[in-house]
Every structure is written in C-alpha cells, then in structure tokens.
1. Just to be sure I understand the model, the point goes 7 Å from the Cα along the line to the Cβ. What's the resulting Ala83 to Ser183 distance in nm?
2. Figure the gain on full extension for Tyr258 and Glu62 (residue separation times 0.36 nm, minus the Cα-Cα span) and round it to one decimal in nm.
3. Taking a ≥ b ≥ c as the square roots of the eigenvalues of the Cα gyration tensor of region 122-175, is the shape rounded (a/c under 1.5), prolate (a/b larger than b/c) or oblate?
4. Calculate the spin-label point distance for Asn111 paired with Ala132, positioning each point 7 Å from the Cα along the beta-carbon direction, and give it in nanometres.
5. Any idea what the relative contact order of region 113-221 is, in percent, if you count C-alpha pairs under 8 Å spaced at least 6 apart?
6. At 1.4 Å probe size, with every protein chain present, just tell me what the per residue accessible area of region 129-170 comes to in Å².
7. Roughly how many Å² is the accessible area per residue of region 172-220, as a whole number, for a 1.4 Å probe?
8. Between Leu206 and Arg172, what is the label-to-label distance in nm when each label sits 7 Å out along the Cα-to-Cβ direction?
Amino acid sequence: MPGPRSLPFGLQVVLWACGNSIAGAAVALAVGVLRQGGPETTVVLIGILFGNVVGFVVHVYEALRWRLAESLREVEEVRLRAAHLREQATRAELQALQARINPHFFFNTLNTISALAEDDPRRAAEIVQKLAELFRYTFKVAESGPVPLAEELDFVGRYLTIEQARFGDRLRVVRDVEPAALSVPVPGLILQPLVENAVGHGIAPLRHGGTVRIAARCGAGVLVVEVADDGRGLPPGRDPVREGHGLDNVRQRLLTLYGEGGALDLGPGEGGRGTMARTRIPAPVAAAAAAGAAGAAAS
C-alpha cells in the first residue's frame, strides 16, 4: 500500500525551524534570560541555532530514509508483477504445447495399438499403459514448476517406447547422461518437442531408419542437453525454427524463464550428419554439487 502523503519538503523545513525557534524562545523566557540581556542570551541563541541545524539534519536523514524505503517497495512491486506475468506466460505456453502434443500424438498411437491388438496383445496393453502415463505427466507439469531432468528423460523414454512400437527396428535410441545432470531442475515438456522433431523429421523419412541420441552433461553451472539424429539433416537456406511450432515454443520458454542464460541452438549432428538440437539451462544445483565435490577432494 502507498505511504501517507507528506507536506512539501521546503515547507517541512520551515515548520521545523520555526518549531525549534519557538521552543528555544519559550525556554529562554521561562528562565528570564532574555530580560537580563546578559551573555546567557548569546548562549541560548546559539542553542536555538544548534537545535535548528541538528533538527534539519535529522529531518533530511529521515526524509531520505523514507524515500529510499518507498523506492525499494516500488521496485519490489514491479519485480513481483513481472514474475507473475512471466509465470502466466509460461503456463499459457505450456498449455498450448499440451494441446499440440496430445491430439498429434494420440492418433498415431491409436493406430499402433490397433495394429498390435491382434498379433501382440501384451505389447498393445503396454503401449496403452505408456500412453496413459504420458497424459498423466502432461497434466502434472501444467500445475507444477520445474521438474528434475530424470523425470523429463523418463517421459521422453515412454514417448520413444511408443514410437519404437510404431517404427520397429527402424528407430534406435542411445542415451548418454551424466548422473550429476539427473537432479537438475528443467521446465516440464522441454525435451519432448526436440525428440519429436528428431523422430518425425530426421528418422521417419528414411527407409532404413536411424538413431536418436540423447545426451546431457553439466559444467560451470550450466546443463547442456543434446538431442541428435543421423537423418537427412537441416533443409538448406531455411530456418527450421518456425514461429508457433514446437522448437520455437522451446526457445521462447527458455528465453522467458532464464533470459540469456537459457538457449536452444540447432545445427548439424556429429560428423555433419543429421541434426542436433542443443539446449542450455542454468544449473545452480549441479554447480553447488560440483563445488562440494571439489572441496571434499581438496580436503
């Protein structure tokens, strides 16, 4: 709440000085010093002047302190409003991402289950269970904050299990994740669009299929997660990150949450084959763990 409105600063100073002068004069009259006209009069006048100076200094200090407190309060209100707006934007983006993932993925999975139901009912039941777990996770992260990377990897693991049921031996998956990276908090559903892009644009068009590689490592307070495929690679002369699509959603969410500390980069995969999507996310947990481990080793 805003503080009470005060008088203009100049008027406050005048009133303060008058108050001190009146108080000093009252004291002087009370002791009869002004009537005598002796040296005590000079002492009292000096006291009045000294009181005015001290009072003025104290008043200026209190006024500046109050103004500083008001400025700090206003800055905090602006910060809280910005944080609230950022949270609302992130939730809206996440809900939009859910709406895009669920229908797109649902029909392909139903076709896979239908194809498996007669020949391999146990496998079909497994895919149904994986699909239910995927939906449960998407609803969970819409209501929560960042999740450990381990949960995101479990989620994309279930996604890839369903895709492997669809593509068979044409889709191979390799994971290379440092243990220290598993506990780092990341935004929910941040990896699925990268994996979906690798499967849909990198592997699916190839008759012989290919490999999706997921790697994660920590260093210098940053989590780096790479999703790469050995497919046909990036189209020449065209930006693969189109506005409103999954990769653009990931990039915008990282920018909203972390500013310049978060990023998504796309480029050729290892050896120039396929495509690699690399995300960078601030990882204070990993940095603290690494510092603790270094301290323990030094001692």
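1. With each label point 7 Å from Cα toward Cβ, the separation is 2.4 nm.
2. Working: separation 196, 0.36 × 196 = 70.56 nm, distance 3.85 nm.
Length gained between Tyr258 and Glu62: 66.7 nm.
3. Details: a/c = 3.32, a/b = 1.56, b/c = 2.14.
Oblate shape, in that a/c is at least 1.5 and b/c is the bigger or equal ratio.
4. 2.5 nm
5. Values: 119 pairs, mean separation 31.2, N = 109.
Rounded, it is 29 percent for region 113-221.
6. Details: 1870 Å² over 42 residues.
Spelled out: the 1.4 Å probe surface of region 129-170, per residue, equals 45 Å².
7. Working: 2020 Å² over 49 residues.
Averaged over the residues of region 172-220, the accessible area is 41 Å².
8. For the pair Leu206/Arg172, the computed spacing is 0.9 nm.
The values are calculated or read from the model by the stated rules, or taken from the named source; none is laboratory data. Note that the coordinates shown come from a computational prediction; the quantities given were computed from them, not determined experimentally. All Cβ positions, glycine included, derive from the backbone under ideal geometry; neighbour counts span all protein chains shown. Side chains included, ligands, DNA and RNA excluded: accessible areas come from the protein's heavy atoms. Shrake-Rupley method; radii C 1.70, N 1.55, O 1.52, S 1.80 Å.
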